[in-house]
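This report refers to the structure that appears directly beneath it.
The values are calculated or read from the model by the stated rules, or taken from the named source; none is laboratory data. Quick caveat, the model's predicted, so the values are computed rather than measured. Positions of Cβ are backbone-derived with ideal geometry, glycine not excepted, and every protein chain shown enters the neighbour counts. Each accessible area value is taken on the protein alone, full model and side chains, heavy atoms only, with ligands, DNA and RNA left out. Shrake-Rupley method; radii C 1.70, N 1.55, O 1.52, S 1.80 Å.
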Amino acid sequence: MSKHSTQDMLKLLQGTTDMIASYMHSIDARDRKVIDFYQPDDLRDIFDFAISGEWSSDDQIFAALQDVLDKSVATMHPRFFNQLYAGANIYSIIAEHITAVLNTSMYTYEVGPLFTLMEEYVFGRIAQMVWWAGPHDGLMLPGGSNSNLYALQMARYALDPSINTTWLYNHQKLVILTSDESHYSLTKSAMLTWLGKDAIIKIETDDAGKMIPSALQAKILEVRESGAEVCMINATSGTTVMWAYDPLSQIAAIAKQHNIRLHVDMIRWGTVMFDDELKNKIEGIELVDSFAWNPHKMMWASMQCSVWMTQRPDVTAQCNVLKTQYLFQDDKWYDIWCDTGDKYTQCGRRVDVLKLRLMRKALWDQWVASNVRKAFDDARYLTEQVAWADQLYMYHQPECTNINFWYIPSDLTLPGTSHADNLTYIKTHYDRIHPLTAQIKDRMLERGEMMTWYAHTKWYPNFFRMITISPKVTKEDLDFVVSHIQELGRELE
């Protein structure tokens, strides 16, 4: 029998589907580990990375796949709090299967007609949700960092289209203004567009991590007095560490005053657009030129699913367009505006839109909104538990679904006179708290019962960064977070 006969393929598919179903059925068990952590050298020893050059039997294939499942991080586990995503919704997984079977791309209408029109419809619905009534366009990109890269590239082109055809150093020095809490992808984008790391100018934030509009205004004047020009202002709705929402309406007014393109990185928590109450956190989004949003975060699509939207379709229609005549011919027998691939820098492109479309068709917007509200409710509950817990102390009151807090060694006693005094005390004992947080995380990985992450900011030592995002999380899971970190901390003191 041929290795690739229909019967063989069906057997492989059925066996793999059964394995996936068994995995997903067991993943919610709290006594199951989130991770069996191995050091790199140990993992190299116990996993068979070798490729023999010979055909493997179906049983060998299934065993290899099971080994992958067993030795991978269980991101669907309710106690996985380590990243800005948590597993994947079943409808997005189904969509991934369909797109893999179809194995098509999206550079031209003729190779992906249905998905081209599906993107057009989805972009229209997103525009309505953020109160965009006029012309708009969208791109689906491989991740939020790429979305911010496109935003910068489009902003640079909108300022001076000749930059695509002439040497960069013939042009005025360009800079990007962004908050000192913004994502590092902006700096990498500046490097990739040959503007350089020095083109990123950080704007001061307040104690909550929000960009200060007066500081932005002053910096624009300072840049222009130096002979440079501001290519783009980047605001953030849900910063990476503090998870702050920059004041978009005020920033948009400044951008309009100075005729500067405004992009919003709302990659992490743009999903608040689904909830009428929480939507006020992105008030002013209707005034911006573009924004980036990742449904693979709080909307629980499978990796990756990223959207970049703009109110300047004229720029997307020109910036990257080359009209390569073996692919984007002018004399086709259909509307060539449906050949959307020329707007992108890459050629082949995944059909990510089906995940977003199928999820919205199956789950309806109110389901998404209710789970977004649940994530915020979970954050409030955990904040209360941390506030009452021995040896834990909140860094700040969360604005989103993040809870940043410290484990305080038992021989240190906070003054308790005020939050400012407590923060000063924590800063004074940086050398004790900073390494202990990392040690607790190391022990957490060894135990494998949960995963969360840590960071530090400005002058403060490492703190735990808890994210409540998964719809599966219960109050018992959040109680476990508190008790587990307390237990590990006391073991290590």
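In deg cm²/dmol, rounded to 500, what helix-only [θ] at 222 nm does the chain give when every DSSP H run of at least 4 residues adds -39500 (n - 2.57) and the total is split over its residues?
Value at 222 nm, helices only: -13500 deg cm²/dmol.
Given 10 °C and 1.306 mPa s, how large is the Stokes-Einstein diffusion coefficient of the range 325-369 in µm²/s, with Rh as the Kirkwood radius over Cα pairs? Could the numbers behind the result be given before it?
On the way: Rh = 13.4 Å.
Diffusion coefficient, whole number: 119 µm²/s.
Which chymotrypsin sites (Phe, Trp or Tyr not before Pro) in the range 404-485 sit in a loop by DSSP (not H, G, I, E or B) and have at most 11 other Cβ atoms within 10 Å of their own Cβ?
When the chymotrypsin sites (Phe, Trp or Tyr not before Pro) of the range 404-485 are filtered for loop state and at most 11 Cβ neighbours within 10 Å, Trp459 remain.
Checking the table Lys219/Lys458; Lys202/Lys279; Lys33/Lys472; Lys427/Lys458; Lys33/Lys71 against a 22 Å threshold on Cα-Cα, which pairs fail?
Numbers: Lys219/Lys458 20 Å; Lys202/Lys279 27 Å; Lys33/Lys472 16 Å; Lys427/Lys458 10 Å; Lys33/Lys71 11 Å.
Pairs exceeding 22 Å: Lys202/Lys279.
Just the number, please: Stokes-Einstein D of the range 169-216 in µm²/s, Kirkwood Rh from C-alpha pairs, 25 °C, 0.890 mPa s.
It comes out at roughly 214 µm²/s.
For the chain, give me the percentage of DSSP beta bridges that are antiparallel, rounded to the nearest 5 percent. Walk me through the numbers before you get to the answer.
Numbers: 22 of 40 bridges.
The antiparallel fraction comes to roughly 55 percent.
Can you pull a Stokes-Einstein diffusion coefficient for the range 74-172 at 20 °C (1.002 mPa s), Rh from Kirkwood over Cα pairs, as a whole number of µm²/s? If you can, show how the numbers build up before the last one.
Values: Rh = 17.4 Å.
Answer from the Stokes-Einstein relation: 123 µm²/s.
Among residues other than Ile212 whose Cβ falls under 9 Å from its Cβ, what is the net charge (Lys/Arg +1, Asp/Glu -1)?
-1
If you line up the Cα atoms of the range 381-493 on their principal axes, what length do they span on each, largest first, in Å?
38, 30, 24
Order these peptides, 365-377, 51-63, by their mean beta-carbon neighbour count within 10 angstrom, highest first. Show your work: numbers first, answer last.
Working: 365-377: 16.9, 51-63: 9.9.
My ranking of the peptides, most packed first, is 365-377, 51-63.
Thr345 versus Ala253, label points 7 Å from Cα toward the beta carbon: distance in nm?
3.5
Quick check: residue separation of Lys475 and Arg432 times 0.36 nm, minus the Cα distance between them. What number comes out in nm? Mind showing how you got there, number by number?
On the way: separation 43, 0.36 × 43 = 15.48 nm, distance 3.06 nm.
Extending this stretch completely gives an extra 12.4 nm.
Note down the magnitude of the dipole of the chain about its Cα centre, charges +1 on Lys and Arg C-beta and -1 on Asp and Glu C-beta and zero elsewhere, to the nearest 20 debye. Before the final figure, lay out the partial values.
Values: 46 positive and 62 negative charges, 158 e Å.
Result for the chain is approximately 760 debye, rounded to the nearest 20.
Report the semi-axes of the equivalent ellipsoid for the chain in whole Å, largest first, where each axis is √(5λ) for an eigenvalue λ of the Cα gyration tensor.
Numbers: eigenvalues 275, 247, 84 Å².
The three semi-axes for the chain are 37, 35, 21 Å.
Quick one: net charge around Lys323, please, counting Lys, Arg +1 and Asp, Glu -1 for every other residue with C-beta under 11 Å from its C-beta.
Numbers: positive: none; negative: Asp330, Asp339, Asp342.
Net local charge, Lys323 excluded: -3.
Determine the equivalent ellipsoid of the range 71-126 by diagonalising the alpha-carbon gyration tensor, then write out the semi-axes as square roots of 5 times the eigenvalues, largest first, rounded to whole Å. Don't skip to the answer; put the middle values down first.
Values: eigenvalues 180, 46, 16 Å².
Taking √(5λ) for each eigenvalue gives 30, 15, 9 Å, largest first.
Provide, as a two-decimal number, the C-alpha radius of gyration of the range 171-317 over 2.2 N^0.38 Å, N being how many residues it has. Display every interim value, and only then the final one.
Details: Rg = 15.0 Å, N = 147, 2.2 N^0.38 = 14.7 Å.
Against the compact-globule rule of thumb, the ratio is 1.02.
Order 113-119, 138-144 from most to least packed using the mean count of other Cβ atoms within 10 Å. Walk me through the numbers before you get to the answer.
On the way: 113-119: 17.9, 138-144: 21.9.
With the highest mean Cβ count within 10 Å placed first, the list reads 138-144, 113-119.
Provide Thr17, Thr324, Thr437 ordered by accessible surface of protein heavy atoms (probe 1.4 Å), highest first. Please report the intermediate quantities before stating the final value.
Numbers: Thr17 75, Thr324 45, Thr437 0 Å².
The ranking, largest first, comes out as Thr17, Thr324, Thr437.
Over all directions, how big on average is the projection of the convex hull of the alpha-carbon atoms in the range 316-471, in square nanometres?
If you wrap the Cα atoms of the range 316-471 in a convex hull and average its projections, you get 15.5 nm².
What lysines sit close enough to Lys475 to cross-link, taking a C-alpha to C-alpha distance under 17 Å and skipping anything fewer than 8 places away on the same chain?
Lys374
Tell me, what is the per residue accessible area of the chain in Å², probe radius 1.4 Å? Please report the intermediate quantities before stating the final value.
Numbers: 23250 Å² over 493 residues.
In whole numbers, the chain has 47 Å² accessible per residue.
Just to be sure I understand the model, the point goes 7 Å from the Cα along the line to the Cβ. What's the resulting Leu13 to Trp167 distance in nm?
That separation, rounded to one decimal, is 5.7 nm.
Size of the dipole of the range 370-448 about the Cα centre, Lys and Arg at +1 and Asp and Glu at -1 on the beta carbon, nothing else charged, in debye to 20? Don't skip to the answer; put the middle values down first.
Numbers: 8 positive and 10 negative charges, 39 e Å.
Computed charge dipole of the range 370-448: roughly 180 debye.
Return a whole-number percent for the relative contact order of the chain, with Cα pairs under 8 Å and 6 or more residues apart as the contact set. Display every interim value, and only then the final one.
Details: 791 pairs, mean separation 95.2, N = 493.
Relative contact order comes out at 19 percent.
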